[in-house]
Amino acid sequence: MCGIVGYIGEKKAAPILLDGLSKLEYRGYDSAGIATIENGELSIEKCKGRLQNLCDKIQNGEALQGKIGIGHTRWATHGAPSDLNSHPHKCSQSLFTVVHNGIIENYLPLKEELTVHKHVPFVSETDTEVIAHLLSYYYNGNVLETIQRVINAVEGSFALGILCRDTPNTLYAVKKDSPLIVGKGNGENFIASDIPALLNYTKDFYLVDDGDIVMLKKDSLFFFDRKLHPLKKEPFVVDWDYSQAEKGGYAHFMLKEIHEQQKAVNDTVSERIGEEDIVFEDFHYGEDELKALHSIRIVACGSAYHVGVIGKYVIEKLARIPVEVDVASEFRYKNPILQKDVMYIMISQSGETADSLAAMREIRKQGYKVLAVVNVLGSSIAREADSVIYTHAGPEIAVATTKAFSAQLAVMDMLALKIAHVKETITKDAYKEALMTLRNIPARIETVVSNADKVKKLASRLKNVGSVFFIGRDIDYAVCLEGSLKLKEISYIHSEAYAAGELKHGTISLIEEGVVVVAIVTQPHVREKVISNIKEVKTRGAFVFAVANEGDEEIRDIVDFVYYIPKTNPVYTPSLSVLPLQVFAYCVAKEKGCDIDKPRNLAKSVTVE
Ligand code: G6P
């Protein structure tokens, strides 16, 4: 969601801002804009639609002068996507100009107050414009004090890039509950929502904490806390470059990331699984504590929630303790009943999802510790959690997650095994064998992904269907949830996931000639049951695509198309069975000509609730 970039230095700001924004496109947006100051003159250019529209309008930035500026990609919340609602926004005297990621919840009363005091006119429907007017209303000649006053007055979440025409050699930034990082260059400094935006310019970064105010000059950086006390911050160096966040010859980031899954899982497991044990670096649970656990509660959103549901099956099977999985947006508002001897786990690729962050804070507020499974280093959830297991999936750019999902699954598998081992719910031999199986999963992932082209033909045949149902039982059902989400989010085909046994309780009324059913059949103990369910939908005219274990020849005669995955311990099949579903979604979306990496209305990092 909304991306922010800011620059101050010796070079022309506009092309750098546009380049930075292009690296944030993956976050999801519907309009873009930039502002620069040159010789005391403010220039703002913004427009609805793709960033390319803006680039064309201002000759890739060449048309805009100034060595200081801010840029923004907007994901509409308050007011439809339009040129007027696009950021940057300024106050009526053009004194302050801002870009904003987040939501100002009390913008209406603030707007009324500003109107009473003649800080008008408001030209947009956005909550952000209020900030620009508020800055000018509170301005006392000292920008830092003014920003401090503004952040004390606003409620909600924000990452802000701020320009003040009175101080044309200074860029300001501040954040609360929305992501923001600072990049340190040589004779130039930057702000951005995310690291990839700046990797073409620097590898040295600073994390900005909630309430921090940053003052950037071209040669120096100053950090202050909410009370304007100076802060000392240590930079960190990023060890990957932008090529890792580029398509590298693939047609789409999603396809590239599907192919990177073997590496993502390998990097996540290899260092942690030894001959005898699984070791997590930042994991503050002693053996006694693990032994005493009577349940586990997992909280997440989207695909990360699906990892939680799969994790529930894995943990319950291996460690024999009950697991509850909550959608973060529900959990945070239900006054959750929390207890001791429960392990609380947050799963998040970005580590910035607003609902997940709020849910985590609720758990910690009630005095319980949280283990976070996060991909983005130094993200808010990673920083605030008590323990962190990083997934080493690398930068994930496509909105629809694939490699981060697989890496999260691997973490759940390792965690389940570790707890099972400590609780002695599996034998020593079974434990050792499982360690070996997990170590071999990346190679099996590679086998499945390299054969997944077979799904292409099917995709071209099915691209025009109106509805797809995913069915499975046990852990296969949990994988169906993800398969269905993948398909609908990028191909815009209606799809639903059903526990196969539930079909008869309503959904089967929708099955008719031509409806597509994707059935996952990898769990031996319920195989016969799923086969019966497949026959039920076949009889009613459905076209069935099955994902089954190698060697299950019977399936071939029952369904219309079967994709075989290598046989493995049934508990670990989700790491393999999800792969053809990702490829299927990708191929269908491609056949339909959809914008695969940036599906409509979606955002990679959902930083507003
Ligand atoms: C968005 C993304 C999903 C992701 C979800 C949760 O909806 O498009 O791919 O699963 O947010 O994000 P998180 O970063 O917390 O895993």
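The values are calculated or read from the model by the stated rules, or taken from the named source; none is laboratory data. This one's a predicted model, so the numbers in the text were calculated from it and none came from an experiment. Every residue, glycine as well, gets a Cβ built from its backbone with ideal geometry; the counts of neighbours run over all protein chains shown.
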Search region 246-273 for residues being of a type in the set (Gly, Ala, Ser) and either in contact (Cβ under 8 Å) with a residue 40 or more places away in the chain or crowded, with 19+ Cβ neighbours inside 10 Å (or both), and hand back the single one that is farthest from residue 599 (Cα to Cα).
270
Would it be correct to say that residue 315 is closer than 25 Å to residue 349 by Cα, within 16 Å of the ligand (Cβ to nearest atom) and either over 26 Å from the mean Cα position of the chain (by Cα) or outside any loop (DSSP other than H, G, I, E, B) (or both)?
no
Got a number for residues in region 318-343 being buried (at least 16 other Cβ atoms within 10 Å of the Cβ), touching a helix residue (DSSP H, G or I) at 6+ places or on another chain (Cβ under 6 Å) and not in a helix (DSSP H, G or I)?
4
Looking at region 18-62 only, could you name the residues that are outside any helix (DSSP H, G or I), in contact with a Gly (Cβ under 6 Å, 6 or more places away or on another chain) and of a type in the set (Lys, Arg)?
46
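Kindly indicate whether residue 378 is assigned to a loop (DSSP other than H, G, I, E, B), in contact (Cβ under 8 Å) with a residue 24 or more places away in the chain and closer than 20 Å to residue 407 by Cα.
Values: assigned to a loop (DSSP other than H, G, I, E, B): yes; in contact (Cβ under 8 Å) with a residue 24 or more places away in the chain: yes; closer than 20 Å to residue 407 by Cα: yes.
Yes; evaluated as a whole, the condition is true for this residue.
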Within the group 183, 187, which residue is in contact with a helix residue (DSSP H, G or I) (Cβ under 9 Å, 6 or more places away or on another chain), at pLDDT 95 or above and over 24 Å from residue 95 (Cβ atoms)?
183
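If you go through region 587-599 one residue at a time, how many are under 23 Å from residue 30 (Cβ atoms) and touching a residue at least 40 places away in the same chain (Cβ under 8 Å)?
8
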How many residues are among the aliphatic types (A, V, I, L, M), surrounded by 16 or more Cβ atoms within 10 Å (Cβ to Cβ) and over 25 Å from residue 166 (Cβ atoms) if we restrict to region 85-111?
1
If the requirement is being under 27 Å from the mean Cα position of the chain (by Cα), more than 16 Å from the ligand (Cβ to nearest atom) and farther than 14 Å from residue 421 by Cβ, which of these qualifies: 305, 333, 344?
333
(1) surrounded by fewer than 19 Cβ atoms within 10 Å (Cβ to Cβ); (2) at pLDDT 95 or above: which one isn't true of residue 420, the others all being true?
(1)
Note on residue 406: of the conditions (1) more than 11 Å from the ligand (Cβ to nearest atom); (2) of a type in the set (Gly, Ala, Ser); (3) at pLDDT below 95; (4) closer than 18 Å to residue 256 by Cα, unmet is (3)
